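The values are calculated or read from the model by the stated rules, or taken from the named source; none is laboratory data. Predicted model only: the values in this text are computed from it and were never measured. Counting neighbours? That spans all protein chains shown, and the Cβs are built from the backbone with ideal geometry, glycine included. We work out accessible area using only protein heavy atoms, side chains counted, and drop any ligands, DNA or RNA first. Shrake-Rupley method; radii C 1.70, N 1.55, O 1.52, S 1.80 Å.
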Amino acid sequence: MSENITTTRTMTAWRQSRYGGPEIVSAERVDVPAPGDHDVLLRVRATSLNAADHHLLRGEPLLLRLGLGLRRPRNATRGIDVAATVVAVGARVTQFARGDEVMGELPGGGALAEFAVSPAARLVARPAGLDAVTAAALPLAGGTAWQALEAGAVADGQRVLVIGASGGVGTYTVQLAVLRGAEVWALTGARSEQLVAELGARRTFDYRVTDVDALPAATFDAVLDIAGTAPLRTLKALLRPGGTLVVVAGDGGRMLGPLGRMLRAVFVSIGGAGRRIRPLAAVAKPEVTRELASLAAAGRLRAVIERTFTLSEAREALAHIDAGRTVGKVVVDVDPFADQGRTGRRSTPEF
Ligand SMILES: NC(=O)c1ccc[n+]([C@@H]2O[C@H](COP(=O)([O-])OP(=O)(O)OC[C@H]3O[C@@H](n4cnc5c(N)ncnc54)[C@H](OP(=O)(O)O)[C@@H]3O)[C@@H](O)[C@H]2O)c1
């Protein structure tokens, strides 16, 4: 246990006691969690919400509940991405100390709250010059984009198609592909075409007007499917021999969700002139978060933030994500006064 906690305190946390839509969450007073030996206690500065939070909130696909909890998720508080200040460290934590600014992905969530606990190994230092709101927008979506580009072996001089370029994962995928030297074509909603071009896409298409099968066949070294609606065989036909389709998303109904499409991808990938299909299951990679943070701090990677909410507006923030129409990211600025040396109306625990 931590040596630093001397007082039991309570905090505000947004919690769910069952699966459902954003209306089921409520702000509750609960105990500040205690860090274990390998954990740190964080004062949350900001969290960004992801499609994963929507899945955990609703318990969908239903198959997920076998692992997450049949009636409610084990962790009642959403918010995986976090930027935070370390306020206490577990007995075996050596890499962080009180006062360090950190960022990363909390296993299962917990950041829609004033305090959260995380294994120290899941976190990296937040670089100077990277504000907390931007830092919170990076880890999960940026990490997924990074892993998708790795899976697609995207490299300098290649032509890449990004389908679903305007969301959290999509906006990072376009930028990181361009940073790798690829020429990016993007399918996106009409309202986001200009944004996606500004992020570096050479050509953009409105997905409601241009079907994927209207794009030139055998043209792309990699197709990164972040929308999950087009037939896999159609997407495969867009690849040059030796090219790779990376399946990031899928629309497979309430029971299986993306898993059905991911399984189909394995079968469709058999045969086909060396054209590969790779289903992606991204995982938290602190070393990737560190790279993303340093690119963002250097001004080379932009976090597109559609809207920032306060902690008291967490339900609205979840509803925004739940609607699936986000352009870039949605961030909850949990402690907007921290940079001014104040903590708003929040009580300050003594450690
Ligand atoms: N495999 C993994 O490990 C992994 C990890 C993270 C996320 N994901 C999945 O990746 C997907 C994207 O996540 P996200 O957080 O980036 O979602 P998001 O931010 O909610 O994406 C929403 C955006 O996608 C656009 N869009 C919707 N349907 C589209 C289509 N058919 N074609 C092109 N664009 C479309 C929307 O544009 P309009 O509003 O203009 O229509 C909106 O801007 C989700 O399905 C998520 O579950 C998978």
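I need the Debye-formula profile for the chain: one equal scatterer per C-alpha, no solvent, reported as log10 I(q)/I(0) at q = 0.06, 0.08, 0.11 1/Å, two decimals.
The Cα Debye sum returns log10 ratios of -0.22, -0.39, -0.72.
Residues in the stretch 47-86 near a label at ARG307, defined as backbone nitrogen under 20 Å from the 7 Å Cα→Cβ point?
Only 47-58, 78-81 fall inside the zone, counting backbone N under 20 Å.
Determine the sum of side-chain charges near SER269: Lys and Arg each +1, Asp and Glu each -1, restricted to other residues whose C-beta is under 9 angstrom from that of SER269.
Residues near SER269 contribute +4 overall.
Using a Gaussian network for the chain with springs between C-alpha atoms less than 10 Å apart, which of these wobbles most: ASP81, ASP53, ASP156?
Comparing ASP81, ASP53, ASP156 in the GNM, the peak value goes to ASP156.
To the nearest 500 deg cm²/dmol, what mean residue ellipticity at 222 nm is calculated for the chain from DSSP H runs of n ≥ 4 alone, each contributing -39,500 (n - 2.57), summed and divided by the residues?
Taken over the chain, the calculation gives -7000 deg cm²/dmol.
Quick one: Kirkwood hydrodynamic radius for the stretch 56-128, alpha-carbon pairs, angstrom, one decimal?
It is 13.5 Å.
Quick test of the membrane-span-like rule: which DSSP H helices of the chain reach at least 24 Å along their long axis (C-alpha atoms) with mean Kyte hydropathy at least -0.5?
Membrane-span-like by this criterion, though nothing is claimed about a membrane: none.
For GLU150, GLU23, GLU114, give me the order by solvent-accessible area with a 1.4 Å probe, most accessible first, ignoring ligands, DNA and RNA.
Ranked from most to least accessible, the order is GLU23, GLU150, GLU114.
Heavy atoms of the protein only, probe of 1.4 Å, neighbouring chains included. What is the accessible area of ILE321 in Å², nearest 10?
Approximately 20 Å² for this residue.
With a 1.4 Å probe and all protein chains left in place, how much accessible area per residue does the chain have, in Å²?
43
Going 7 Å from the Cα of ALA34 along its beta-carbon direction, which residues of the stretch 112-132 have the amide nitrogen within less than 12 Å of the resulting point?
none
Most fluctuating residue of ALA136, ALA319, ALA52 in a GNM of the chain with Cα springs under 10 Å: which is it?
Fluctuation is largest for ALA319.
Share of antiparallel DSSP beta bridges in the chain, in percent to the nearest 5?
Looking only at bridges with both residues in the chain, the antiparallel portion is about 55 percent.
Starting from the residue with the highest accessible area, list ARG18, ARG208, ARG126, ARG315 in decreasing order, probe 1.4 Å.
Listed by decreasing accessible area, they come as ARG208, ARG18, ARG315, ARG126.
Could you derive backbone 3J(HN,Hα) for the stretch 36-45 from the dihedral phi with the Karplus parameters 6.51, -1.76 and 1.60 (θ = phi - 60°), listing whole Hz in sequence and x where the residue is Gly or Pro?
x, 4, 9, 9, 10, 9, 10, 8, 6, 8
How large is the Kirkwood hydrodynamic radius of the stretch 141-279, counting all unique pairs of alpha carbons, in Å?
Hydrodynamic radius (Kirkwood, Cα only) of the stretch 141-279 equals 14.5 Å.
Just GLY170, GLY129, GLY189 to compare: in a GNM of the chain, with alpha carbon springs under 10 Å, which one fluctuates most?
Of the options given, GLY129 has the highest mean-square fluctuation.
Please give the length that would be gained between GLU183 and THR10 if that part of the chain were fully extended, namely 0.36 nm times their separation in residues minus their C-alpha to C-alpha distance (nm, one decimal).
57.2 nm
Summing +1 for each Lys or Arg and -1 for each Asp or Glu, what net charge is found among the other residues whose Cβ lies under 9 Å from the Cβ of GLY228?
Net local charge, GLY228 excluded: -1.
Rounded to the nearest 10 Å², what accessible area does ASP339 have for a 1.4 Å probe in the complete protein model?
Answer for ASP339: close to 120 Å² accessible.
Within 11 Å, Cβ to Cβ, of THR204, how many net charges do the neighbouring residues add up to if Lys/Arg are +1 and Asp/Glu are -1?
Net local charge, THR204 excluded: -1.
Rounded to the nearest 10 Å², what accessible area does SER166 have for a 1.4 Å probe in the complete protein model?
Rounded to the nearest 10, that gives 20 Å².
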